[in-house]
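Take a look at the structure set out below.
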Amino acid sequence: MAVNSLLSGAIVMAALVAALFFLRFWRQTRDRFFLYFAVAFMLEALHRLLWALAPLGDADAPLYYLIRLASYVLILVAIINKNRAPPR
C-alpha cells in the first residue's frame, strides 16, 4: 500500500507540474490549446488524488472514471480545435 501511495503522489505531482507548464505557455500565447491541456492535467491530478485517498472498496466508483473521461475529452477537443482553426 505504501508503494501505491508513493507512486500516486508522484503521478499527482507530475500532472500538476505539466499543468503549470501548459498554463505558462497559455499566458504567453493566449492559445486555448494550452489552456485545455492545463485543465486536462489538473483533472488528471484530481483523479489520481481522489483515487489514492479512496477507501479500497470505493476505488471503482463511476465518479473517478468520469473525471478521467473529462480529462481525455478535453485533450481531444483541444487537438480537434487546433487542427480545425484557420491558420493565422
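I'd like to check which helices (runs of 4 or more DSSP H) are fully inside the chain and have at least 2 residues that are modelled with pLDDT of 95 or more, surrounded by fewer than 17 Cβ atoms within 10 Å (Cβ to Cβ) and aliphatic (A, V, I, L, M).
Details: elements: 2-29, 32-53, 62-84.
Here the list reads 2-29, 62-84.
Mind telling me which of the residues L46, L16 ends up being in contact with a helix residue (DSSP H, G or I) (Cβ under 9 Å, 6 or more places away or on another chain) and in contact (Cβ under 8 Å) with a residue 24 or more places away in the chain? Can you show your working first?
Details: L46 fails: in contact (Cβ under 8 Å) with a residue 24 or more places away in the chain.
Exactly one residue qualifies, and that residue is L16.
The values are calculated or read from the model by the stated rules, or taken from the named source; none is laboratory data. From a predicted model like this one, the values you see are computed outputs, not experimental measurements. Every residue, glycine among them, receives a Cβ derived from its backbone with ideal geometry; neighbour counts consider all protein chains shown.
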